[in-house]
Amino acid sequence: MGKVITHMTMSLDGFIADPNDDPGELFAWYDAGETAVASANEDIGFHVDDADADVLGELTGNAGALVSGRRLFDITDGWGDNHPVGVPVVVVTHHPPEDATTRWPNTTFVDDVAGAISRARQIAGSADVIIASPTIIQEALDLDLVDEICVSLVPVLFGEGIRYFGPLANGHRLLADPTVVPGRRATHLRYVTAARTDDA
């Protein structure tokens, strides 16, 4: 069985977007190098340095499904039913779009986080599930459903906005020591969660 991995690009002070959902400078690292990295969506491509390309390859190379929240799904217009990672998307929402089956046939809508991750695991099989939504990440952490936390840390301060992490239902969460990969305009951090460490 694959792992459940979270990944977001984050400002140095902990934000993944400003108060208006604008990521601002956070995504500049996706176009800060000379190494081309293709995506499954022909409208989206990346040019990063070699270290960043390796990180992207590790994150997406074994991906089998992606879990998103409805807010991100709406902001991106469902990625045109073709997420750049190239895997099916499971969206957590109590109100699926009325045209869900006709407009987004590759997207599954589930009304709770645990059910969405379970469905994503079924879709992914032995591959990994990636969570790319701060609210869903928070709930999944509280439910002990996350195996690894990945952060692409960008040297910018937002001061306010939408946080990657928020209050934890069960108090402090100890993580393993990070794997650190310095890239161009982003430092990539990867942490195994304590729950997974204890099981090892």
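Structure above, values below:
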| item | result |
| --- | --- |
| Selected residue (only one of VAL110, VAL129 is at pLDDT 90 or above, under 23 Å from ILE16 (Cα atoms), within 19 Å of the chain's Cα centre (by Cα) and among the β-branched types (Val, Ile, Thr)) | VAL129 |
| Test set (1) at pLDDT 95 or above; (2) among the aliphatic types (A, V, I, L, M); (3) buried (at least 19 other Cβ atoms within 10 Å of the Cβ) - LEU157 fails condition number | (3) |
| Hey, VAL192 among the β-branched types (Val, Ile, Thr), in a strand (DSSP E or B) and either more than 21 Å from LEU59 (Cβ to Cβ) or under 16 Å from the mean Cα position of the chain (by Cα) (or both) or not | yes |
| Selection from the range 46-61 of residues that are open to solvent by 40 Å² or more (accessible area, probe 1.4 Å) and more than 17 Å from the chain's Cα centre (by Cα) | HIS47, ASP50 |
| Flag if ILE123 is closer than 19 Å to GLY86 by Cα, out of contact with any Phe, Trp or Tyr (no Cβ under 7 Å at 6 or more places or on another chain) and either outside any loop (DSSP other than H, G, I, E, B) or acidic (Asp, Glu) (or both) | yes |
| Selection count where residues are in contact (Cβ under 8 Å) with a residue 24 or more places away in the chain, open to solvent by 10 Å² or more (accessible area, probe 1.4 Å) and farther than 21 Å from PHE158 by Cα, scope the range 3-39 | 3 |
| So VAL37, is it of a type in the set (Val, Ile, Thr), touching a helix residue (DSSP H, G or I) at 6+ places or on another chain (Cβ under 9 Å) and closer than 29 Å to ASP147 by Cβ | yes |
| Verdict on GLY78 being in contact with a strand residue (DSSP E or B) (Cβ under 9 Å, 6 or more places away or on another chain), at pLDDT below 90 and either part of a helix (DSSP H, G or I) or crowded, with 22+ Cβ neighbours inside 10 Å (or both) | yes |
| Extreme residue, farthest from the chain's Cα centre (by Cα), among residues of the range 1-43 that are part of a loop (DSSP other than H, G, I, E, B) and acidic (Asp, Glu) | GLU34 |
| Residue selected from the range 132-171 under the condition of a type in the set (Val, Ile, Thr), within 11 Å of the chain's Cα centre (by Cα) and outside any helix (DSSP H, G or I), by the criterion nearest to PRO19 (Cα to Cα) | VAL151 |
| Out of VAL151, VAL181, sole residue that is closer than 30 Å to GLU34 by Cβ, hydrophobic (A, V, I, L, M, F, W, C) and open to solvent by 40 Å² or more (accessible area, probe 1.4 Å) | VAL181 |
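The values are calculated or read from the model by the stated rules, or taken from the named source; none is laboratory data. Computed from a prediction, not measured in an experiment: that's the story for all the values here. Counting neighbours? That spans all protein chains shown, and the Cβs are built from the backbone with ideal geometry, glycine included. Ligands, DNA and RNA are stripped out before the accessible areas are found, and what is left, the full protein with its side chains, is counted by its heavy atoms. Shrake-Rupley method; radii C 1.70, N 1.55, O 1.52, S 1.80 Å.
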